[in-house]
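**Student:** Sharing a structure with you now.
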Amino acid sequence: MASARGRPRGFDRDQALERLMQVFWAKGYEGAQLNDLTAAIGVKPPSFYAAFGSKEAAFREAIDLYIATIGSAQMQALQDAATFRDGLRAMLEGSVAVALSTKPGGCLLILGVVNCLPANEAVRAHLLQARHKTVALVSDRLRRGVAEGELPGDTDIPQLAAFYHGIMQAISFQARDGATRAELRALIDPALRALDPG
């Protein structure tokens, strides 16, 4: 017998959202069809809509869950490391781990919407905002590195933050293309050499 809201007894919305996140991560927003989403959480379309409102709303919630859980560890490592270089290494190693933690691989924030169809502009904008937050966190840690004397005072913070975000994107795309852990980790040392005095 269904509950008052039409969902099956025992429906756990948090657990369902985690499953939806996995579907969106594997297929992207555009590739995930309603039947993929409902099958993943074991409900019919009316129950899906009762629980999440729409596919777009479910995707936004899935992105927020991803940021709060899977995506938070590498950014916390960046902030907590004793030096900026150590934090950056930990962030990039964390990016490799995340990119390889699911099939077909990659990062949900980077690969969640690839085609950018006009109908999906609001979803793309949500992902872009999330990526801007990542760049801002890297920038903040760079500023701290300058303030603590780890980096020269004339460090181009916006350029360097964009560069390291680009390395994270490269890790994600290469993981999606089938790169191995060793191949992805091989990107880290050359990336860190960008910090060396010129």
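None of the figures in this text is laboratory data; all of them are computed from the coordinates on show. Note that the structure is a prediction, hence the values are computed from the model and not measured. Every residue, glycine among them, receives a Cβ derived from its backbone with ideal geometry; neighbour counts consider all protein chains shown.
**Student:** Under a straight-distance cross-link criterion of Cα-Cα below 20 Å, which aspartates and glutamates are reachable from LYS133, leaving out those fewer than 8 residues away in the same chain?
**Tutor:** GLU61, ASP64, ASP80, GLU93, GLU121, ASP156
**Student:** For a footprinting-style exposure proxy, rank ILE70, ILE171, ILE63 by other Cβ within 10 Å, fewest first.
**Tutor:** Exposure proxy ranking, most exposed first: ILE70, ILE63, ILE171.
**Student:** Still on this structure, I have one more. How high is the relative contact order of the chain? Use alpha-carbon pairs under 8 Å, at least six apart in sequence, and give a whole percent.
**Tutor:** 21
**Student:** Related question: Roughly how many debye, to the nearest 20, is the charge dipole of the chain about its Cα centre, given +1 on each Lys and Arg Cβ, -1 on each Asp and Glu Cβ, and no other charges?
**Tutor:** That gives a dipole near 780 debye.
**Student:** In whole percent, what relative contact order does the stretch 13-66 give with Cα contacts below 8 Å and a gap of six or more residues?
**Tutor:** 48
**Student:** Quick one: 3J(HN,Hα) in Hz for the stretch 154-159, Karplus 6.51/-1.76/1.60 with θ = phi - 60°, rounded, Gly and Pro as x.
**Tutor:** 9, 4, 7, 4, x, 5
**Student:** Rounded, prolate or oblate: which fits the stretch 13-66 when a ≥ b ≥ c are the square roots of the eigenvalues of the alpha-carbon gyration tensor, with rounded for a/c under 1.5 and prolate only if a/b beats b/c?
**Tutor:** Rounded, because the longest to shortest axis ratio a/c is under 1.5.
**Student:** Computed from these coordinates, which is semi-axes √(5λ) of the Cα gyration tensor in Å: (1) 37, 16, 15; (2) 26, 24, 17; (3) 25, 19, 17?
**Tutor:** This structure yields the entry labelled (1).
**Student:** Excluding residues fewer than 8 places away in the same chain, name every one of the lysines whose C-alpha is closer than 24 Å to that of LYS44.
**Tutor:** LYS27, LYS55
**Student:** Answer rounded, prolate or oblate for the stretch 142-198, using the Cα gyration tensor with square roots of eigenvalues a ≥ b ≥ c: rounded when a/c is under 1.5, else prolate when a/b is larger than b/c, else oblate.
**Tutor:** Because a/c hits 1.5 or more and a/b exceeds b/c, the stretch 142-198 counts as prolate.
**Student:** Calculated from DSSP H runs of 4 or more alone, at -39500 (n - 2.57) each and per residue, what is the 222 nm mean residue ellipticity of the chain, nearest 500?
**Tutor:** Here the helix-only value at 222 nm equals -21500 deg cm²/dmol.
**Student:** Rank LEU111, VAL146, VAL23 by how far each Cα sits towards the positive end of the charge dipole of the chain (+1 on Lys, Arg Cβ; -1 on Asp, Glu Cβ) and give me just the farthest.
**Tutor:** VAL23
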